[in-house]
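One structure is given here, and the rest of the page talks about it.
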Amino acid sequence: MPRKSILFNNITQKLKQDVFVSAGNYFIGIVTFKYRMMDIQKIKLCIDGNWLAQKELYEAYKVNLFVLCQRYFSDLEDAKDALQEGFVKVFRDLHQYDEEKGHLASWIKKVFINTCLEKLRKNKIDFQQITDFDLSFVYDQDILSELNLKDLTKIIQKLPTGYRTVFNLYVIEGYNHQEIADQLGISESTSKTQLMKAKNMLRLMFEDILK
Amino acid sequence: MDDKNNNLEKFFRQKFNQKIEPQDWNLPDNDVWDNIAAQIPTDKKKRRIGMLPLFIFGGGLLVATLLLGYDNYLKTNEITVLQQELKDCANLAIANDNTEINEPKPKNIDQVQDDISVKETKLAYEGTKSEFQHSLAKKKITRSLFLNSSNQLNSQENEVMKTPLNHSDINDRNMVEKLEEEQKTFTTITFPGKLYKYPLSPIVSKFAKDKSALNLFITPINPKPNKSHPFLVGPNVGYIAWQDRIQGTFDNPLSELLVKEVTGPSVSYGLSLSKVLNKRVVFNTGINYYERNQLSQYAINLPYSTVDEIAVGAEFENRFQHSLPTGLGSINTNLVLSRSASSIVQNNENVYLDFALSNHIKAISIPLTLSYFVKEEGNGLFLQGGLTHEWIVQNRIKEVETESHHQFVKDKSIIVDYNDAQINRLNTSVLAGIGYQKSLTANLGITISAQYGFALNNTYQSNAYQHKIDQLNAQIRLLKSW
């Protein structure tokens, strides 16, 4: 193959590993940006309404954010709706993002968490104690450590909405009880109780899996 | 119990900090992106477009106010001179009267001037034609004082109106000529109320405060305007926002590298020529000149090969050739990246480059349009439609910028080869718009109009790609009738 053609193919392939893909990886703390200047430039393009840049940003983050949405919603359609609403908000408010205050991925994640919470609030989260819950989760291996993210997400989805929301915010997102109380409009003690019950229920689920 | 809790939290945190493998998950459907794309707000664009009419309106208002003010300023100067001549006549007449009749006059020159000024001010306020005729008669009587040495003003008034000037009695022949000229010139009066329609004019406001200036609105109407206005000629200035209309996709395999392409706005200026066809319809043509830039921006990712690099002195070079797409045809680029021999680089290490270039176009256009005035030609709202033909005089690559984000790249150079024959030089658009015309004076008018131009042919096309450029045009024209 002529050198020129090889070069073109390489360029085309490399394009698919663009900076926003790197940003997507950073989302879970694996890779940092190498080419921050280009990243800022692409954010500006997104703000200016460049559909190509917007699509790139969507492609780079969609998997991580879809997983995030699925942790908050047991129903896949609700998760899709949240994903859609979240991205619309991201593109709408991207001009408010300040790179001095943090990484783009962190900002986008925060927008999505707020979107999920807003959507949950609309559906009125039930924080009452639920004793009768479905433990029918079936797992084909009996080693807890081999549970992958998808399995864990399914387990979290089995939690009642109130338990699940507090668990996500406290354990995975790193909020404290005061922040959770402010976000959800509940008391700190309710937040603590919901977390404790969520953990107990998860433990029962794991015990059931390990049997 | 706490340990168990902490272990559980730690377990989940660790798991959710792992990299997410897309293949393990149900990916969102394609319609999710379609829905997002449909909902992405375009407020910013709307705001930009929304401000444009305000700017045009504000600019038009400013220009109209300045023109009106300047026009009044010219009138002021002209009439002040005439008024001064009138007073001089009166002074000379009194002086002459004193010497020829040998009768003592109680009034001095200042008193006479004051009398004339007060009288003129009063007449201008009352504003009736009969009063003005009376004023004119007075002027002629004043003249008769000079000519006939008579002080019986009222009784001689009618006679003076009928009696031709007797040049034989005049010592100062130049003064008589001036008076005759004055008689021809002062035939009507324009009332100040007409100018109060333009409260923004500082000069008019000044007149309103200064009553003695009211008689400055006496308008000379020599020469008489040609009411048919067969031809209207004048300069114009406009602002054109361009809108790319693209069909299809680039044939070029590197089209993915193109991240942004926009056509910037233009300022146009030229000469307008209009012909009044009938009471409501006017044919417009002329010639306009403008320049516009089309910016193309690329994000390039190149593997820097240490195997293929060429040694040039103490440096190594890698050379690349691309054919990149633009909306105005493909460009060929020759890129050279160099590094010092001591720099550290891995074979096929990626080099990211930001690359931008600007097509600079110079063009002239000839509009052929018809204006239909809602009320009557020359004033008020009109609708406009027709064609405009654009001839691209020059199309060249104006600016090329390259920026790399790598330490090892010591130097870079890029040569661009562009064949400007790829574009169609003659482009035609259908124009439709609306405008407003206002007469400033008998022979001078101003027009503010906005038009949308829908391109009929492609500025650039290839097998699978068609590029048309539509326009939104706002224009201000000054028109002088001939």
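The values are calculated or read from the model by the stated rules, or taken from the named source; none is laboratory data. This structure is a prediction, so every number in the text was calculated from the model and none was measured. Glycine also receives a Cβ, built like all others from the backbone with ideal geometry; neighbour counts cover every protein chain displayed. Just so you know, the surface numbers come from the protein's heavy atoms only, side chains and all, with ligands and any DNA or RNA stripped out. Shrake-Rupley method; radii C 1.70, N 1.55, O 1.52, S 1.80 Å.
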Let me confirm something: among B:324, B:302, which residue is within 13 Å of chain A (Cβ to nearest Cβ) and closer than 15 Å to residue B:400 by Cβ? B:324
The stretch A:74-113, subset in contact (Cβ under 8 Å) with a residue 24 or more places away in the chain and open to solvent by 30 Å² or more (accessible area, probe 1.4 Å), residue farthest from residue B:33 (Cα to Cα): A:99
Going by the conditions given, is residue B:23 at pLDDT 65 or above and farther than 30 Å from residue A:45 by Cα? no
Would you be able to say whether some residue in the stretch A:116-139 is modelled with pLDDT of 90 or more and either within 19 Å of residue B:35 (Cα to Cα) or within 14 Å of another protein chain (Cβ to nearest Cβ) (or both)? yes
With in the same structural domain as residue B:467 (by TED's automatic domain parsing) and either among the basic types (Lys, Arg) or touching a residue at least 12 places away in the same chain (Cβ under 8 Å) (or both) as the only criterion, which of B:371, B:338 stands out? B:371
Condition first: open to solvent by 50 Å² or more (accessible area, probe 1.4 Å), within 14 Å of chain A (Cβ to nearest Cβ), charged (D, E, K, R) and in a strand (DSSP E or B). Can you find one or more residues in the stretch B:261-278 that meet it? no
Some residue of the stretch B:35-46 being open to solvent by 90 Å² or more (accessible area, probe 1.4 Å), modelled with pLDDT of 80 or more and more than 24 Å from the chain's Cα centre (by Cα): yes
Collect the residues in the stretch B:424-452 that are within 17 Å of residue B:468 (Cβ to Cβ) and open to solvent by 50 Å² or more (accessible area, probe 1.4 Å), keeping them in residue-number order. B:424, B:425, B:426, B:430, B:432, B:452
Let me spell it out: the conditions are (1) charged (D, E, K, R); (2) open to solvent by less than 60 Å² (accessible area, probe 1.4 Å); (3) not assigned by TED's automatic domain parsing to the domain that holds residue B:367, and residue B:410 meets all of them except one. Which number is the exception? (2)
Name the residues in the stretch B:439-456 that are touching a strand residue (DSSP E or B) at 6+ places or on another chain (Cβ under 6 Å) and among the polar types (S, T, N, Q), would you? B:439, B:443, B:447, B:449, B:451
Do any strands (runs of 3 or more DSSP E) lying entirely in the stretch B:288-382 carry at least 3 residues that are under 20 Å from residue B:240 (Cβ atoms), and which ones are they? B:349-373
Scan (1) at the interface with chain B (Cβ under 7 Å from one of its Cβ atoms); (2) modelled with pLDDT of 80 or more for the single condition residue A:30 breaks and write down its number. (2)
Please go through the stretch B:341-368 and pick out each residue that is touching a residue at least 60 places away in the same chain (Cβ under 8 Å), over 21 Å from residue B:419 (Cβ atoms), surrounded by fewer than 21 Cβ atoms within 10 Å (Cβ to Cβ) and not small (Gly, Ala, Ser). B:344, B:345, B:364, B:366, B:368
From the options B:442, B:421, B:474, B:455, residue that is more than 25 Å from residue B:236 (Cα to Cα) and not charged (D, E, K, R): B:421
Looking at the stretch A:60-70 only, could you name the residues that are over 17 Å from residue A:46 (Cβ atoms), open to solvent by less than 10 Å² (accessible area, probe 1.4 Å) and more than 7 Å from every other protein chain (Cβ to nearest Cβ)? A:68, A:69
Evaluate the stretch A:64-79: report whether one residue or more is modelled with pLDDT of 85 or more, of a type in the set (S, T, N, Q) and part of a helix (DSSP H, G or I). yes
Condition test on residue A:165, is it surrounded by fewer than 21 Cβ atoms within 10 Å (Cβ to Cβ), in contact (Cβ under 8 Å) with a residue 60 or more places away in the chain and away from chain B (no Cβ under 12 Å)? no
Give the stretch B:340-368 a look and list any residue that's under 15 Å from residue B:414 (Cβ atoms) and basic (Lys, Arg), or say none. none
